[in-house]
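Reviewing the structure listed below.
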Amino acid sequence: MTSPSSADVIGRLVRVRDELLRWFGRHGRRFPWRGEVGWYGVLVAEFMLVRTRSEVAERAFREFMLEFPEPEALCSSSPQRVLDHFRKLGLPSRAERLIGTVCAVLERYGGEIPCDYGELRRLPGVGDYIARVLLSRVCGKHAAFADSNVVRILSRFSGRLLNGSEAARILEEAFTGRDLLSINVALIDLGSKVCGPRSPRCPGCPLREGCFSRLG
Ligand code: SF4
């Protein structure tokens, strides 16, 4: 069997858009970093979310933001205090990288995040995924970010084994404006609640009508 074309996958995705957004409205998760937390809050959250369940990161995020509510507070603090927060998550190396990134934004850009992919990638600690998150969530640019949830769902949905760049490209071609960010975040939550790594719960999935791999 030939694998479905990108045009076919995009067409199917567009057809399940409304169902997915309805599901997200009812079941989407409400994390503090999904509110108006600016570039600093988004960066702190993303550094904490690496290999950490969102529910665990949520508590750590709240505690961290209480102690370091602004980037200036972080950059003038003792690195040891920052390290203590990340040790609790088992991510000690992330503390130094977060400090390097945040302080570089203050020093090089006067505290304004640069809304340019190349500039973002030149910040220490900012890889492709975090650059895309910042472009989308902080800069309002047309950019998608594909974590392991999004890659897994879109691979199953499309019937092709995708990597992160391919999954992001499919989303960027299928959706525009605010829709893109809403769909992106909805897929992250769907991967956590419905289309998990081991046992997808297809009968309750809002994507089932278009999904190549649906079960039942
Ligand atoms: S229908 Fe099943 S395999 Fe397809 S996206 Fe939904 S849960 Fe995953």
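Where a number appears in this text, it was derived from the coordinates with a stated rule and is not lab data. Please read all numbers here as calculations on a predicted model, not as lab measurements. Note that we place each Cβ from the backbone using ideal geometry, even for glycine, and neighbour counts take in every protein chain shown.
Out of the residues in segment 41-95 meeting the condition of being hydrophobic (A, V, I, L, M, F, W, C) and part of a loop (DSSP other than H, G, I, E, B), tell me which one is farthest from Asp189 (Cα to Cα). Walk me through how you get there before you give the answer.
Residues of segment 41-95 hydrophobic (A, V, I, L, M, F, W, C): 42-45, 47-50, 56-57, 60-61, 64-66, 68, 73-75, 82-83, 86, 89, 91, 95.
Still in the list and also part of a loop (DSSP other than H, G, I, E, B): 50, 68, 89, 91.
Numbers: Val50: 16, Phe68: 27, Leu89: 21, Leu91: 23 Å.
Applying the filter and picking the extreme gives Phe68.
For segment 166-211, enumerate the residues that are near the ligand (Cβ under 10 Å from one of its atoms), hydrophobic (A, V, I, L, M, F, W, C) and over 15 Å from the mean Cα position of the chain (by Cα).
Within segment 166-211, Val194, Cys195, Cys202, Cys205, Leu207, Cys211 meet the criteria.
What number of residues in segment 117-168 are within 19 Å of Gly196 (Cβ to Cβ) and part of a helix (DSSP H, G or I)? Let's see the steps before the verdict.
Here is the first cut: in segment 117-168, the residues within 19 Å of Gly196 (Cβ to Cβ) are 146-159, 161-162, 164, 167.
With part of a helix (DSSP H, G or I) added as a condition, the list becomes 148-158, 164, 167.
Total satisfying the criteria: 13.
Restrict the check to segment 28-49 and report whether at least one residue is closer than 30 Å to Pro206 by Cβ and of a type in the set (Ser, Thr, Tyr). Before the answer, list the steps.
Filtering segment 28-49 down to residues closer than 30 Å to Pro206 by Cβ leaves 28-37, 41-42, 45-46, 48-49.
Now narrow it down to the ones that are of a type in the set (Ser, Thr, Tyr): none.
No, there is no match, as no residue in segment 28-49 is closer than 30 Å to Pro206 by Cβ and of a type in the set (Ser, Thr, Tyr).
Is it true that some residue in segment 202-214 is part of a helix (DSSP H, G or I), over 23 Å from His27 (Cβ atoms) and without any contact (Cβ under 8 Å) to a residue 24 or more places away in the chain? Before you say what the answer is, go through the steps one by one.
Residues of segment 202-214 that are part of a helix (DSSP H, G or I), as a first pass: 202-204.
Now narrow it down to the ones that are over 23 Å from His27 (Cβ atoms): none.
Taking every residue of segment 202-214 in turn, none turns out to be part of a helix (DSSP H, G or I), over 23 Å from His27 (Cβ atoms) and without any contact (Cβ under 8 Å) to a residue 24 or more places away in the chain.
Identify, from the list Val9, Val37, Val56, the residue that is among the β-branched types (Val, Ile, Thr) and touching a residue at least 60 places away in the same chain (Cβ under 8 Å).
Val9
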